[in-house]
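Take a look at the structure below.
A short reminder: the numbers here are calculations on the coordinates, not readings from a lab. Quantities reported herein were computed from a predicted structural model and do not represent experimental measurements. Cβ placement follows ideal geometry from the backbone for every residue including glycine, while neighbour counts extend to all protein chains displayed.
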Amino acid sequence: MNPGESQRAPWIVGVSGASGTPYAAAVLRALLAAGESVDLVVSRASRLTLLDETGISFRDAHWRTDLHAWLSRGADGKPGTFDVDLAGDRVRHWSAGDLAAGPSSGSYPAKGMLIVPASTASVAGVALGLSKDLLQRSASVTLKEGRRLVVAVRETPLDGRTLRHLVTLDDAGATVVPASPAFYAGATHIQDLVDFVAGRVLDAAGVEHDLYRRWRGDLGGARPTT
Ligand SMILES: Cc1cc2nc3c(=O)[nH]c(=O)nc-3n(C[C@H](O)[C@H](O)[C@H](O)COP(=O)(O)O)c2cc1C
């Protein structure tokens, strides 16, 4: 390694244009809380879902300000719910159109990639190896390098084409984690349901977190008392 070169090995987080920007926010917060570094790729379409779901316009030139506004919001839309520190080099942002960005090459050090939420379009693009933008290219690189790829698909109902693309991704070594919250963990707020999905994404990546109450074998053990 050249003198001064960083040992940084981030998780690449791709946010595509499916509904579910609170899932991405919860995953990003938890990665940072776990001491991980993150390289963020926000697809063009996801700017529309982010605007729709939070009112935030994500601008490449002001990504740190816009990301802070996004991550500090609760799933119920309340600003300032979470303390988020984005100072330093822990988070990097790459423009979705930048096909020369670090994550576009297998020689760029990365632990793996999480696509959360994953649209059916991104699922198709990665399954077919289209690499039409940096998100899809990074996912293809992740697979070809044999690194962990977690795909949190969000659509309903699913048609045969998407189901086949998901099987292709599974066959290629990805882990498909449908963004489908469970109700056994004692959810009482929207954030609990969001955190459950985010927690399962991180479980698939092998990242420690404390986002949801795990099943302990006691039926009704997490049910809120009234
Ligand atoms: C408000 C909004 C919500 C959307 N929700 C979904 C969704 O839940 N799942 C999905 O697959 N596509 C959804 N789409 C469509 C995708 O954004 C569209 O297919 C886009 O091409 C995805 O591009 P990307 O994968 O490059 O981000 C939604 C679009 C909008 C504007």
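What to note about this one:
- Net charge, ALA110 excluded, C-beta distance under 9 Å - Lys, Arg +1, Asp, Glu -1: 0
- Ordering 114-121, 168-175, 77-84 by mean Cβ neighbour count within 10 Å, with the highest value first, yields 114-121, 168-175, 77-84.
- Interchain or long-range residues, amide H under 5 Å from THR175's placed H: LEU149, VAL150, VAL151
- Among 85-97, 28-40, the peptide with the highest mean count of other Cβ atoms within 10 Å heads the list, and the full ranking is 28-40, 85-97.
- The amide H of TRP11, built 1.01 Å from its N in the peptide plane, has SER37, VAL38, ASP39, LYS111 as neighbours under 5 Å, considering only residues 5 or more places off or on other chains.
- Size of charge dipole - the chain - debye, nearest 20, with Cβ of Lys, Arg +1 and Asp, Glu -1, no other charges: 200 debye
- Under Karplus coefficients 6.51, -1.76 and 1.60, residue-wise ³J(HN,Hα) of segment 40-51 in Hz, glycine/proline x: 9, 10, 10, 5, 4, 5, 5, 5, 6, 5, 5, 4
- Segment 12-38 versus segment 132-192: alpha-carbon centroid distance in Å: 13 Å
- Rounded to whole Hz, the Karplus (6.51, -1.76, 1.60) HN-Hα couplings of segment 152-160, x for glycine and proline: 9, 5, 9, 6, 7, x, 9, 8, x
- Around the amide H of HIS209, modelled in the peptide plane, lies no amide H under 5 Å away from a residue 5 or more places distant or on another chain.
- Computed over segment 45-164, the Cα gyration tensor eigenvalues convert (square root of 5λ each) into semi-axes of 25, 20, 13 Å, ordered from largest to smallest.
- Kirkwood analysis of the chain, using all unique Cα-Cα pairs, places the hydrodynamic radius at 17.8 Å.
- Per-residue HN-Hα couplings for segment 116-133 [Karplus 6.51, -1.76, 1.60; θ = phi - 60°; Hz; x = Gly/Pro]: 8, x, 9, 6, 5, 5, 5, 4, 5, x, 6, 4, 8, x, 5, 6, 6, 8
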